[in-house]
Structure formats: structure tokens, C-alpha cells
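Here is the structure we will look at, set down as C-alpha cells.
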Amino acid sequence: MRPTAPTRAGQADRVVVKKAERRLYLMRGSEPIRTYEIALGFQPIGHKARQGDGKTPEGRYRLDWRNDRSQFYKALHISYPNAQDRHRAHRQGQDPGGLILIHGQGRTSRPTGEQGRDWTHGCIAVSNQDIDEIWSLTMDGLPIDILP
């Protein structure tokens, strides 16, 4: 894994997602600087194994590009699948899937929180207000740890 991307003052130096807590943390050192409520894939337990399984991946990835014209308002791409994910899926004769994002709500999405929990196809969804803030406090190359 590459070293942590350089950050500007006030920005996060990594992202941590705790799936069981339905929380995304922007971290600076060992301290969270922001916390957000999230929605996950519609089958949230376990690591993503194949396209269409509704699971959000688990492991260490990178935020590797962003889209400010996403159908989900704004989106940050997560570098899934990595070489291990591709190898595991191909060994089982499966397509690992891809296009895993941290994204806003869009026009047809459900809200995050108790009423709209776990509706994505494997992405991490936040409110549009939250994705604006996450967008401004992160940069491409930032590590993201997605934990069970």
C-alpha cells in the first residue's frame, strides 16, 4: 500500500467505515474529526465477493477519483476490487463487481438513517450535505479502511 496522501491543514488523513455501527469517520491521526451516519449495500454483512451480491467491501482501499456530476449528487470512488478481490472472485468463477462509491442521495435514493438503511448495491451512502463536507475534507489517494 502506498504511503498516506499528503493533506492540507484541517483535512482528513484517512477514512474509516465501521459497517456494524453504520458510521463513517474522517480521521486525522488517531482522532476522528467528523462522523457521519451511512447506509450500506442491501446485504451488508460480510465482504463483497461478486457483482450483484449487495455487499459493501471490507478491507483497505483508496479514494482514487471523484465525480461531481454523479447520479447520486457527488461520489468518491473506492479502489475496489483490489488484486486480492479479483483473484478471490475469479477463483470462484465470479465477477468481483466494481464501481463502489461513497455518494450522496440523488433524486431517487432513500435517506440514510433508520428509515432508509442499507439500500445501495454495495456503496456507502450519506446525505448530500454530508458528501459535500466529506468531499471538501478528503483528497484522491486517501486510504479508506472498511471494517465489519
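The values are calculated or read from the model by the stated rules, or taken from the named source; none is laboratory data. Just so it is clear, the model here is predicted, and its values are computed rather than measured. Note that we place each Cβ from the backbone using ideal geometry, even for glycine, and neighbour counts take in every protein chain shown. Note: accessible area is taken over every heavy atom of the protein model, side chains too, but ligands, DNA and RNA are not part of it. Shrake-Rupley method; radii C 1.70, N 1.55, O 1.52, S 1.80 Å.
Brief remarks on what is shown
- Under 5 Å from the amide H of ILE100 lie the amide H atoms of ILE78, TYR80, each residue being 5 or more positions distant or on a separate chain, with H modelled from the backbone and absent for Pro and chain starts.
- You can think of it this way: the chain between SER30 and GLN129 has 33.2 nm of extra reach, that is 0.36 nm per residue less the Cα-Cα gap.
- Ranking by accessible area, most exposed first, for GLU58, GLU21 with a 1.4 Å probe: GLU21, GLU58
- Rounded FRET efficiency, nearest 0.05, which uses the C-beta distance separating GLN11 from ASP64 and R0 of 22 Å: 0.85
- 3J(HN,Hα) from dihedral phi, the stretch 81-90, Karplus parametrisation 6.51/-1.76/1.60, rounded to Hz, x for glycine, proline: x, 8, 4, 5, 4, 5, 4, 4, 5, 5
- Evaluated with a Cβ-only charge set (Lys, Arg +1; Asp, Glu -1), the chain carries a dipole of roughly 300 debye about its Cα centre, given to the nearest 20.
- Here the sum of -39500 (n - 2.57) over DSSP H runs of 4 or more residues, divided by the residues of the chain, equals -3500 deg cm²/dmol at 222 nm, to the nearest 500.
- Most positive-pole-ward Cα, ASN67, THR35, GLN11, against dipole of the chain from beta carbon charges: ASN67
- Exposed trypsin sites (Lys or Arg not before Pro) absent - longest run of the chain, DSSP non-H/G/I/E/B, at most 13 other C-beta within 10 Å: 9-106
- Where labels lie 7 Å past Cα in the beta-carbon direction, separation of ASP145 and PHE42 in nm: 3.2 nm
- Computed over protein heavy atoms with a 1.4 Å probe, the accessible surface of the chain works out to 52 Å² per residue.
- Solvent-accessible surface ranking, highest first, for MET139, MET27 at 1.4 angstrom: MET139, MET27
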